[in-house]
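Undergrad: Here's a structure for you.
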Amino acid sequence: MKILVGYKRVVDYNVRIQVKPDGTGVVTDGVKLSANPFDDIALEEALRLREKGVATEVVVVGIGPADLTAHLRNGLAMGANRAIHVVTTDAVQPLTAARAFLKLVEKEQPGLVLMGKQAIDDDANQTGQMLAALWDRPQATFASKLEIADGKATVTREVDAGLEVIEAELPAVVTTDLRLNEPRFIKLPDIMKAKSKPIDTIEFDSLGVEAHDHLATTHYAAPAKRSKGVMVKDAAELVAALKQKGLL
Amino acid sequence: MSKILVIAEHLHGKLNPATARAVSAAVAVKPEAIDVLVLADNVDAVAAEAAAIEGVSRVLTVARAENAHALAAVLAPQVAKAAGGYSHVFAPSTTFGKDLAPRVAALLGVAQVSDVMSVEGAHAFKRPIYAGNAIVTVEANPAHAVVATIRTASWPAAASGDSKAPVEALALDVALPSHTRFVELQQGSSDRPDLQSASKVVSGGRGVGSKENFEIIYKFADKIGAAVGASRAAVDAGYVPNELQVGQTGKIIAPELYMAIGISGAIQHLTGIKDAGTIVAINKDGEAPIFEVADFGLVGDLFKIVDELEAELS
Ligand SMILES: Cc1cc2nc3c(=O)[nH]c(=O)nc-3n(C[C@H](O)[C@H](O)[C@H](O)COP(=O)(O)OP(=O)(O)OC[C@H]3O[C@@H](n4cnc5c(N)ncnc54)[C@H](O)[C@@H]3O)c2cc1C
Ligand SMILES: Nc1ncnc2c1ncn2[C@@H]1O[C@H](COP(=O)(O)O)[C@@H](O)[C@H]1O
């Protein structure tokens, strides 16, 4: 079985994002970029399935500008067999990304597509679900446990009420939550090995995807700031303050 | 004029209060009608609750055995079919809505607006990106239906009153897939207030140190009638189950009082509590970032302080 992994590059989760004063965007110049943390988890899970003999090939997919190559090399160094780079300079919204993934799915015929539950830049939490809809296949979002046997995935999902277990016939789309696994670290020899692994480059325009971005972002603003409060000296003072506000 | 379809979230025959929050967002669009869609095996109890929400014009029900559990693959084709004639489809931005709405949007071939914080016009909305560190205004194409999830912490629940919207059964001719099946829901049983709707929340972090120690958080929460929450570190360490996680990838909440005990205040945690009325931080590290957002901060050992708080309240 082949596994396709959504592998998006985003602003590193440790960066405190600043909104440009003129409201036209956020500052991304010189900011550290990393793999979307949920996508590293998706890749790790795919690699474990290959190590268990469930999967035979792991392919990382990135949709983005020409300089995405270094990022995809990281995915290869982590252990993916090969990478697909869909090249576009435009910011790709989830529906467009899902349509592009559908084209790749039709070509590659994977048994499983693993994606992050959300990209931590747009925080959309949509692409996996949209791909599953367009592909007319099962989806299992927010996975914290995944087992593959007998042509189906048994997935434990982190839902508001607790943990939900569902069964999905393959092929299917599974999106990862943080507790699914802990991604491995890349070792130096693996970086060397990754240099000879193939990256297929496909121009976005050649996919024949309708790419109307239906949402226009017209303004960026910094969030309302909470003002710094007061320090109290002990429990008695805290209780008094909360009682005064009618909170206790 | 706008016509909005709100998807009801429910479990075990009870309407989730997040539904009434999505109705509030629908009201803000000033539509001609707001209909609530109930997909269930037994629809009556949930439909009756939905019909009592102020602002609701009609409740539409689809009673099918396949709808016994909220599987997005099963529900989405029904919602997409029911969406005909509506300008907007809203669902709460809970794990239910986040799972379902994008599947509906893709079936309708439209973009989705995730986590609507405010309505700026029938097709313009504010939503958070980068874990809430930036707020964007987005405009959806007015030629298409708008599919959106509603950030529940940004909206009060529309009141339930004596109003009684009519309930109508909807006949939808759609074939449903059988490729996705529900197995079980493992749910911690708790008599404590629900984390997402509680007016007070006491959360513990890694500083609490162990599952056993977490008892002091539960005990204190019970004393003040609060729900219990936790940081991701506390959940990962196995102190508490995952459904207690507050933050970017957990629950986004807006209680009147939030007490963070032994939590450092990482941005991913703060995203979940930005809308709280009053934030209290208890931490032994006076430099912890949580103090930057706390209305009341107290530096010290949490074990000692929680004891003292209990003594003060006895
Ligand atoms: C993509 C992504 C998503 C994430 N989503 C979330 C999320 O939804 N929610 C979330 O919470 N985190 C999330 N995180 C993790 C987040 O970055 C932090 O790692 C986490 O919030 C830390 O939890 P903590 O504050 O309990 O632990 P720590 O940061 O370890 O802080 C523990 C605190 O306890 C204090 N302490 C220790 N002992 C005592 C004592 N005896 N008395 C008083 N104080 C004491 C310490 O001073 C310290 O400040 C996410 C991370 C990533 C990368
Ligand atoms: N441009 C992209 N390149 C690769 N994967 C993507 C891209 N956009 C979205 N994805 C995948 O879809 C997931 C969810 O993204 P989103 O719906 O934007 O929150 C991500 O975690 C990725 O796995």
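The values are calculated or read from the model by the stated rules, or taken from the named source; none is laboratory data. Because the structure is a prediction, the values reported are computed rather than measured. Here the Cβ positions follow ideal geometry from the backbone for every residue, glycine too, while neighbour counts run over all protein chains shown. The protein model used for the area step is the full one, side chains on, heavy atoms only, and it has no ligands, DNA or RNA in it. Shrake-Rupley method; radii C 1.70, N 1.55, O 1.52, S 1.80 Å.
Undergrad: For chain B, just the Cα atoms, rotate onto the principal axes and tell me the three extents in Å, largest first.
TA: Taking the Cα atoms of chain B, the three principal extents are 62, 41, 39 Å.
Undergrad: Please work out whether segment B:187-314 counts as rounded, prolate or oblate from its C-alpha gyration tensor, where a ≥ b ≥ c are the square roots of the eigenvalues and a/c under 1.5 means rounded, while otherwise a/b larger than b/c means prolate and anything else oblate?
TA: rounded
Undergrad: Just from its helices, what would the mean residue ellipticity at 222 nm be for the protein assembly as shown, if runs of 4 or more DSSP H residues each count -39500 (n - 2.57) and the sum is divided by every residue, rounded to the nearest 500 deg cm²/dmol?
TA: -7500 deg cm²/dmol
Undergrad: In Å², and per residue, what accessible area does the protein assembly as shown have when probed at 1.4 Å with the other protein chains present?
TA: That works out to 40 Å² for each residue.
Undergrad: I would also like to ask the following. Under the √(5λ) rule applied to the eigenvalues of the Cα gyration tensor, what semi-axes describe the equivalent ellipsoid of segment A:80-195? Give them in Å, descending.
TA: 23, 20, 16
Undergrad: Something else: For the peptides B:293-306, B:207-220, A:71-84, what is the packing order when you average, over each peptide's residues, the other Cβ atoms within 10 Å and list the highest mean first?
TA: Put in order of decreasing packing, that is A:71-84, B:293-306, B:207-220.
Undergrad: What's the FRET efficiency of residue A:27 with residue A:82 using the Cβ-Cβ distance as r and R₀ = 41 Å, to the nearest 0.05?
TA: 0.75
Undergrad: Also: Hey, got the Cα dimensions of the protein assembly as shown along the principal axes, in Å, largest first?
TA: On the principal axes, the protein assembly as shown reaches 68, 63, 52 Å in Cα extent.
Undergrad: In addition: In segment B:165-205, if the dipole is taken from +1 on Lys/Arg beta carbons and -1 on Asp/Glu beta carbons about the Cα centre, which of B:178, B:166, B:203 is farthest to the positive end?
TA: Of B:178, B:166, B:203, it is B:203.
Undergrad: Mind listing the Cα extents of segment A:66-139 along all three principal axes, in Å, largest one first?
TA: The Cα atoms of segment A:66-139 stretch 32, 27, 20 Å along the principal axes, largest first.
Undergrad: Filter the cross-link list A:233/B:251; B:14/B:251; A:228/B:223 down to pairs whose alpha-carbon distance in this structure exceeds 25 Å.
TA: Among A:233/B:251; B:14/B:251; A:228/B:223, the Cα-Cα distance tops 25 Å for A:233/B:251; A:228/B:223.
Undergrad: Treating only the Cβ of Lys, Arg, Asp and Glu as charged (+1, +1, -1, -1), what charge dipole size does segment B:243-314 show about its Cα centre? Round to the nearest 20 debye.
TA: Charge dipole, segment B:243-314, about its Cα centre: 260 debye, nearest 20.
Undergrad: In segment A:1-83, what percent of the accessible surface is made up of carbon and sulfur (1.4 Å probe, ligands and nucleic acids excluded)?
TA: 48 percent
Undergrad: Further question on the same structure: Quick one: work out the % antiparallel among DSSP beta bridges in the protein assembly as shown, nearest 5.
TA: The answer is about 35 percent antiparallel.
Undergrad: Rounded to the nearest 100 Å², what's the accessible area chains B and A bury against each other, both chains counted, probe 1.4 Å?
TA: Roughly 6900 Å² of accessible surface disappears when B and A pair.
Undergrad: Okay, moving on. Which one of B:100, B:131, A:92 has its Cα pushed farthest toward the positive end of the charge dipole of the protein assembly as shown, where Lys and Arg give +1 and Asp and Glu give -1 at the Cβ?
TA: So the residue furthest toward the plus end is A:92.
Undergrad: Charges at C-beta only: +1 for Lys and Arg, -1 for Asp and Glu. How large is the resulting dipole of the protein assembly as shown about its Cα centre, in Debye rounded to 20?
TA: 740 debye
Undergrad: Separate question: Ordering A:52, A:117, A:20 by how much accessible area each has at a 1.4 Å probe, largest first, what is the list?
TA: Largest accessible area first, the list is A:52, A:20, A:117.
Undergrad: Which whole-number percentage describes the relative contact order of chain A, with Cα contacts under 8 Å and a sequence gap of 6 or more?
TA: After rounding, I find 23 percent.
Undergrad: Per residue, what volume in Å³ does the convex hull of the Cα atoms of segment B:258-314 enclose?
TA: So the per-residue hull volume is 72 Å³.
Undergrad: Of all beta bridges DSSP finds with both residues in chain B, what is the antiparallel percent, to the nearest 5?
TA: Of the beta bridges lying entirely in chain B, close to 20 percent run antiparallel.
Undergrad: Let me ask you something else. Spin-label point model (7 Å from Cα, Cβ direction): what's the residue B:312 to residue B:144 distance in nm?
TA: 5.3 nm
Undergrad: Related question: Roughly how many percent of the accessible protein surface of chain B is carbon and sulfur, given a 1.4 Å probe and a whole-percent answer?
TA: 50 percent
Undergrad: Give me the inter-chain shielding for A:126-137: mean count of other chain Cβ atoms within 10 Å, whole number please.
TA: Rounded to a whole number, the mean comes out at 6.
Undergrad: Computed FRET efficiency, Cβ-Cβ of residue B:218 and residue A:205, R0 45 Å: what is it to the nearest 0.05?
TA: Efficiency for this residue pair is about 0.20.
Undergrad: Which part of segment B:1-16 falls in the paramagnetic zone of residue B:159, meaning amide N under 12 Å from the point 7 Å along Cα-to-beta-carbon?
TA: Label zone hits: none.
Undergrad: What is the antiparallel percent of DSSP beta bridges lying wholly in segment A:29-183, to the nearest 5?
TA: 50 percent
Undergrad: Within segment A:1-115, how many lysine pairs that are 8 or more places apart, or on different chains, have C-alpha atoms less than 21 Å apart?
TA: Number of lysine pairs found: 7.
Undergrad: Give me the dipole magnitude in Debye, nearest 20, for segment B:41-165 about the Cα centre, with unit charges on the beta carbon: positive for Lys and Arg, negative for Asp and Glu.
TA: That gives segment B:41-165 a dipole magnitude of about 260 debye.
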